[in-house]
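Below is one structure, written out as structure tokens; the observations come after it.
The values are calculated or read from the model by the stated rules, or taken from the named source; none is laboratory data. Because the structure is a prediction, the values reported are computed rather than measured. Cβ placement follows ideal geometry from the backbone for every residue including glycine, while neighbour counts extend to all protein chains displayed.
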Amino acid sequence: MSAPDPVLDAIRALVERVAGPSRTPAQAGPETRLTEGYWLDSVELLEVLIACESEFGIAFHDTCDFENGALDTLGTFTYLVRSKLPPPRSDS
């Protein structure tokens with residue numbers, strides 16, 4: 001069993017809220033495709049992006065952030081979001 005991933009879990013919840021229960025795969029994970037797994041269309045993908053910007057306090061750049069399959073799967077999108085987050089603070 002893998003360690004909990006709060007960023008992945010938060011993004012999964014946002015995607016599932018937009019997709020709705022009828023389009024949420026039973027075993028959704030990092031490999032689940034956003035368009036063919038959750039069946040999100042372009043407007044729904046935009047909703048997810050806006051929700052993530054609000055939830056995580058980040059901003060996406062339209063000309064470079066969505067290259068290289070960043071919106072292909074839940075995992076690739078989580079990687080993109082994580083790359084936008086500030087580094088964790090060390091308390092030392």
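Considering 77, 60, which residue is among the aromatic types (Phe, Trp, Tyr) and either in a helix (DSSP H, G or I) or free of Cβ contacts under 8 Å to residues at least 12 places away in the same chain (or both)? Working first, answer last.
Details: 60 fails: either in a helix (DSSP H, G or I) or free of Cβ contacts under 8 Å to residues at least 12 places away in the same chain (or both).
Checking each option against the conditions leaves just 77.
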query = Looking at (1) crowded, with 16+ Cβ neighbours inside 10 Å; (2) part of a helix (DSSP H, G or I); (3) modelled with pLDDT under 95, which is the one condition that is false for residue 83?
reply = (1)
query = So which residues in the range 1-46 are in a helix (DSSP H, G or I), of a type in the set (D, E, K, R) and within 16 Å of residue 80 (Cα to Cα)?
reply = 9, 12
task = Mind counting the residues in the range 52-81 that are touching a Pro at 6+ places or on another chain (Cβ under 8 Å) and of a type in the set (Gly, Ala, Ser)?
result = 1
remark   = Flagged pairs (Cβ under 7 angstrom, 6 or more apart or on separate chains; first in the range 1-28, in contact (Cβ under 8 Å) with a residue 40 or more places away in the chain and charged (D, E, K, R); second outside any loop (DSSP other than H, G, I, E, B) and surrounded by 12 or more Cβ atoms within 10 Å (Cβ to Cβ)) are 12/74
